[in-house]
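What follows is one structure encoded as C-alpha cells, with my remarks underneath.
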Amino acid sequence: MQHSPIHYAIVDDEEPGRNNLRLAMAAHPDWQLAFEADSTAHARAGLARCRIDLLFLDIQMPRESGLLLARELGRLAEPPLVVFVTAHNTYAIDAFEVHALDYLLKPLDDARLAQAVERAALLLAGRQRGAYGRALHAYAEGPAYLAQISVRSVGRIDQVRVADILWCEAQGNYVALHTATGSPLHRVALSRLEEHLDSAQFLRVHRGAIVRREQAAGLSVVGDGSYLLRLRCGAEVPVSERYAGAVRELLRG
C-alpha cells in the first residue's frame, strides 16, 4: 500500500548542513522535501506558501535565531512538528528534553535522525499536532518554571499539570510524576527536571526523589544515615543524609 508523502522543510543558514540533511532524508522515501531556507525570513515565506508536517530548524543562525521562529510557531493551534538542529549546548538540550521536544546534534548522526523521523511520524499518525503545539508553546514562551510537563509516549504527547504533582521519582532514564490519579513516566533526568521546578514548591530529598513541600508529613529513621519521609498522600519516600537537615527544617516550619 502506498503512503501519502509527509512534507518537511529544512532551515539552516549553512549550505553543507542543508545538503547533509537532505541527502540523509533520502533514506526515508515517505518523506518529501517541500522547501529549504537559509534564514528564518525565507522560512516564513516558505511556510506561508505551503503546509508542512515537520520543520528541521537550526538554532544558531547569524541574522535571527531559530528560536524566534519556534516561538511564533508555538502560538499556532496546530503547528508543524519541529526538530531542532544544534551544536552541543547543554542548557538547550536539557530544555528540549524537559519539554518532550526532539533535537539533532551537529554533525548529523543517521541513526539519531531515523529516531527523530520515526517519533515525528507516530505523532502525526496520532493527530498530535495540537498537543505538540502546547509543548512547543510552553518551551518557547513559558515561564522560568514549568506550569505543565509534556510527556511523550509512543505516538502521543500528554500534559501533566505541575500543580497536580505530589512527588517525582527517578526510574532509570525516566522520572515518574506521581499524581493523585497516576504516575506517568517522563523521559528526562531528575536533575534536569529539577532545574525547571520552582524550589519554593518542591524539595530534593534524595538523588532519586523530589517532593512537593506541602506534602511532607513526618520523618523517620530507618538505618544509619537513612530516612523515610511520609507524605500526606500516603507515600513513603527515601531521604538521604545529605538532605535530612533540609527536610527537618521543612517539617519544623
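The values are calculated or read from the model by the stated rules, or taken from the named source; none is laboratory data. Nothing here was measured: the structure is a model prediction, and the numbers come from that model. No Cβ is skipped: glycine too gets one built from the backbone with ideal geometry, and neighbour counts run over all protein chains shown. Ligands, DNA and RNA are stripped out before the accessible areas are found, and what is left, the full protein with its side chains, is counted by its heavy atoms. Shrake-Rupley method; radii C 1.70, N 1.55, O 1.52, S 1.80 Å.
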Restricting attention to the range 169-216, the residues that are under 24 Å from S153 (Cβ atoms), at pLDDT 95 or above and among the β-branched types (V, I, T) number exactly 4
Does the range 234-247 contain at least one residue that is in contact (Cβ under 8 Å) with a residue 40 or more places away in the chain, closer than 21 Å to A100 by Cα and surrounded by 17 or more Cβ atoms within 10 Å (Cβ to Cβ)? no
Conditions first: (1) touching a Ser or Thr at 6+ places or on another chain (Cβ under 8 Å); (2) among the aliphatic types (A, V, I, L, M); (3) in contact (Cβ under 8 Å) with a residue 60 or more places away in the chain. A70 passes all but one, so which condition is the exception? (1)
Residue that is farthest from Q171 (Cα to Cα), among those in the range 185-236 that are among the acidic types (D, E) and not in a loop (DSSP other than H, G, I, E, B): E214
Here is a list of conditions, (1) over 19 Å from D94 (Cα atoms); (2) surrounded by 15 or more Cβ atoms within 10 Å (Cβ to Cβ); (3) modelled with pLDDT under 95, and A125 meets all of them except one; can you say which number that is? (2)
Filtering the range 72-92 for residues that are open to solvent by 10 Å² or more (accessible area, probe 1.4 Å), outside any loop (DSSP other than H, G, I, E, B), modelled with pLDDT under 90 and not aromatic (F, W, Y) leaves a count of 2
What single numbered condition from (1) open to solvent by 20 Å² or more (accessible area, probe 1.4 Å); (2) out of contact with any Pro (no Cβ under 6 Å at 6 or more places or on another chain) fails to hold for H206? (2)
Need pairs with beta-carbon distance below 8 Å; first residue on the phi > 0 side of the Ramachandran plot and part of a helix (DSSP H, G or I) and within the range 100-125, second open to solvent by less than 70 Å² (accessible area, probe 1.4 Å) and of a type in the set (D, E); sequence gap 6+ or separate chains. none
Which one of R51, R44 is in a loop (DSSP other than H, G, I, E, B), over 16 Å from the mean Cα position of the chain (by Cα) and not hydrophobic (A, V, I, L, M, F, W, C)? R51
Can you work out which of the residues in the range 141-182 that are more than 18 Å from G74 (Cβ to Cβ) and small (G, A, S) is most open to solvent (accessible area, probe 1.4 Å)? A180
Filtered residues of the range 42-67 (kept if modelled with pLDDT under 95, farther than 19 Å from R112 by Cα, open to solvent by less than 70 Å² (accessible area, probe 1.4 Å) and not polar (S, T, N, Q)): C50, M61, E64, G66, L67
Has the range 149-160 got any residue that is farther than 20 Å from C233 by Cβ, part of a loop (DSSP other than H, G, I, E, B), without any contact (Cβ under 8 Å) to a residue 24 or more places away in the chain and not polar (S, T, N, Q)? no
Hits in the range 32-41 - residues which are touching a residue at least 24 places away in the same chain (Cβ under 8 Å), open to solvent by 40 Å² or more (accessible area, probe 1.4 Å) and not in a strand (DSSP E or B): D38
